[in-house]
Amino acid sequence: MLSSNVKYIGLDVHKEAIAVAVLNGAGKLVAESIVETKASTLLDFLHGQRGELHVTLEEGTWAAWLYDLLKPHVGEVVVCNPRRNALLKEGSNSDKVDARKLAELVRSGMLRAVYHGENGLRALRELARTYQVVSKDLKRVMNRLKALYRSWGIPCTGTRVYSQRHREQWLKKIGEAGVRRRAELFYQQLDALQALRHTVRGELLAESRKHQAVKILRQIPSIGPLRAAQLVAVMQTPHRFRSKRQLWTYSGLAVETHDSSQYRFVDGQLQRSKKPQQVRGLNQNHNHAMKEIFKSAALSATRRAGPFQDFYEGLLAKGMKPELACLTLARKIAATTLTLWKKGECFDARYVKPQAA
């Protein structure tokens, strides 16, 4: 197709309006508009553009809705990672300017796409996201309760402070009536969230039984029904990741190294420096839900007899520190998950080999 028949469209999306910029194959601005954030208005604008349309927008609140809306009507939709769009931070910013910069980036092929797909998993994904949000809210309320007691010099450890059985005993320790009432309200919020999480968990597990991938992942020791459901909801498909190292990076389990001045000339000969690489820790840009799943699975595996516990104890026997051994075990579980899901095989202890860590 001739480049003149290709259009590159950048969308700067906001609650009330969307700034649209259209570039042709040569990079010339051929159309620009501000449209209302409504499906019919945006589609009317796109239907007025001829040729093959390549649309881009940044990941955000509206991204999932717009991706599903636009995909049947255009040649390509790229939902990009805003953290990597350094061009948008340069110079003056406005809605129209940002839309033009996005169009230029998609024309140049310089965008890092955020995965959107697998519409058949929508119900599972929404339930998993709800469970995650409710769990976070529950943790916040629990932390607020303990902080309230500690702020009045009342030491509290463990989980007895949350128990309904011991609740009156704890409330009597607060002498101030206003503070006691605040604690009672926190307890009401705690009870409501616990009941809600129990309901969401049941619906999530029921929905997960409809997916074959969950049955495969549940075979892996320490990956129970809940973690399997969350993995399928977040990853959607294992074929997003070409290798285990890509999955490690996505899950925040990849080790980052920094090196400089790697080469030097000695007597006219180019030699590589023997200076060891500097390890800067694990990668910061990752999916936090995935990291929590694999690290909690690794921690659970260290306490339960099985091939993963044997693998962990073998690392300790070699002199590895416990925290590094737990990280290595989490990477092993992630690699095993990817392999089994791709191949559709049953779990076998042969997957837990030290040389494949």
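Do you know the Lys pair count in region 310-353 for C-alpha distances under 17 Å, with sequence separation 8 or more or different chains?
6
Which of the three applies to region 291-357, rounded, prolate or oblate, going by the alpha-carbon gyration tensor with a ≥ b ≥ c and a/c under 1.5 meaning rounded?
Prolate, because a/c is 1.5 or more and a/b exceeds b/c.
Among the GluC sites (Glu not before Pro) within region 85-146, which fall in a DSSP loop and have no more than 10 other Cβ atoms within 10 Å of their own Cβ?
Listed in order of number, the matching sites are GLU90.
Hey, which aspartates and glutamates would be in cross-link range of LYS28, C-alpha to C-alpha under 19 Å, not counting anything within fewer than 8 residues on its own chain?
Filter leaves ASP12, GLU52, ASP95, ASP98, GLU104.
Taking each pair of distinct Cα atoms in region 195-353 once, what is the resulting Kirkwood hydrodynamic radius in Å?
Averaging 1/r across every pair of different Cα atoms and inverting gives 17.5 Å.
Calculate the FRET efficiency for GLU168 and ALA206 from the Cβ-Cβ distance with a Förster distance of 51 Å, rounded to the nearest 0.05.
FRET efficiency, GLU168 to ALA206: 0.90.
Say R0 is 51 Å: what FRET efficiency, to the nearest 0.05, do SER296 and ASP267 get from their beta-carbon distance?
The calculated FRET efficiency here is 0.40.
May I ask you to order 154-160, 304-310 by the average number of other C-beta atoms within 10 Å around their residues, highest value first?
Averaged packing, sorted descending, gives the order 304-310, 154-160.
For ARG181 and TRP65, compute 0.36 nm times the residue count separating them, minus their Cα-Cα distance, and round to one decimal in nm.
37.5 nm
Given R₀ = 41 Å, FRET efficiency for LYS38-THR257 by Cβ-Cβ distance, to 0.05?
E(calc), rounded to 0.05, equals 0.30.
Quick one: check the C-alpha center-to-center distance for region 210-271 versus region 20-39, whole angstrom.
37 Å
May I ask for the distance between the Cα centers of region 302-357 and region 166-189, given as a whole number of Å?
Computed from Cα coordinates, the inter-centre distance equals 45 Å.
Checking the a/c ratio against 1.5 first, then a/b against b/c, what shape does the Cα gyration tensor give for region 1-84?
It comes out prolate by the Cα gyration axes.
Work out, step by step, the length gained on full extension between GLU76 and ALA317: first 0.36 nm times the residue separation, then minus their alpha carbon distance; give nm to one decimal.
Numbers: separation 241, 0.36 × 241 = 86.76 nm, distance 5.22 nm.
Answer, rounded to one decimal: 81.5 nm.
Label LYS275 and SER135 with points 7 Å out from Cα along Cα→Cβ: what is the distance between them in nm?
According to this spin-label approximation, the distance is 4.3 nm.
Kyte-Doolittle mean at least 0.0 and Cα extent at least 30 Å along the axis: which DSSP H helices of the chain qualify? Kindly include the intermediate steps, with their values, before the conclusion.
Details: long enough: 122-151 (43 Å, -0.62); 177-208 (46 Å, -0.34); 322-343 (31 Å, 0.37).
Once both thresholds are applied, what remains is 322-343.
In angstroms, what radius of gyration and Dmax does the chain have, counting Cα atoms only?
Final numbers for Rg and Dmax: 26.0, 82 Å.
What is the extension gain from ARG84 to LEU196, computed as 0.36 nm multiplied by their sequence separation minus the C-alpha to C-alpha distance, in nm to one decimal?
Once the chain is fully extended between ARG84 and LEU196, it gains 36.6 nm.
Among all lysine pairs in region 125-263 that are eight or more places apart or on different chains, how many have alpha carbons less than 30 angstrom apart?
So the count works out to 14.
Provide THR56, THR199, THR61 ordered by accessible surface of protein heavy atoms (probe 1.4 Å), highest first.
The ranking, largest first, comes out as THR61, THR199, THR56.
The values are calculated or read from the model by the stated rules, or taken from the named source; none is laboratory data. The shown structure was predicted, so the numbers you read here are calculated from the model rather than taken from an experiment. A quick note on method: Cβ atoms are made from the backbone with ideal geometry, for glycine too, and the neighbour counts reach across all protein chains shown. When the accessible area is computed, the model is the full protein with side chains, heavy atoms only, and any ligands, DNA or RNA have been set aside. Shrake-Rupley method; radii C 1.70, N 1.55, O 1.52, S 1.80 Å.
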